[in-house]
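Since the structure comes first, as structure tokens, the remarks are kept for the end.
Laboratory data are not the source of any read-out in this text; all were calculated from the coordinates shown. Quantities reported herein were computed from a predicted structural model and do not represent experimental measurements.
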Amino acid sequence: MAGVQTDIATQDSMGFQGAVPISGTALNSAGYTAVQFTESSTLTSIAGFGFSGTWTAHTFPAGSIIRGRITSFQLASGRAIAYLARA
């Protein structure tokens, strides 16, 4: 069974469940495995396993990626691609 779990983790890390472009400032809460910023961006908030809070003081340059079990996030500015988590 270890091979099956490894395959699932690998698939999730590569966006196997799909991705959505994010360009507005609405709260996004579909559940994600990663958020990749496509232009210089700031977050209003982010929540997930092991991190949370208001991150407005940090600017993420284009190409930056936050990986993990992200339950929700909200852009204050910029654009991103959000990789969907397994349902």
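If you consider only alpha-carbon coordinates, what radius of gyration and Dmax does the chain have, in Å?
13.0, 43
Pairs of alpha-carbon atoms within less than 8 angstrom and 6+ residues apart define the contacts here; what relative contact order does the chain have, in percent?
Over the chain, the number comes to 42 percent.
Relative to the first principal axis of the alpha-carbon coordinates of the chain, what is the inclination of helix 2-13, with its axis defined by its Cα atoms, in degrees from 0 to 90 and to the nearest 10?
Here the helix axis deviates by roughly 20 degrees.
Nearest 500 deg cm²/dmol is fine: what mean residue ellipticity at 222 nm does the chain get from its DSSP H runs of n ≥ 4 alone, each adding -39,500 (n - 2.57), divided by its residue count? Intermediate values should be presented prior to the final figure.
Working: 1 runs with 12 residues, N = 87.
About -4500 deg cm²/dmol.
What is the gain in length, in nm to one decimal, between SER29 and SER77 on full extension, counting 0.36 nm per residue of separation less the C-alpha to C-alpha distance?
On the way: separation 48, 0.36 × 48 = 17.28 nm, distance 1.71 nm.
Full-extension gain reported as 15.6 nm.
How long is the stretch 37-86 along each principal axis, judged by its Cα atoms, biggest number first, in Å?
26, 20, 13
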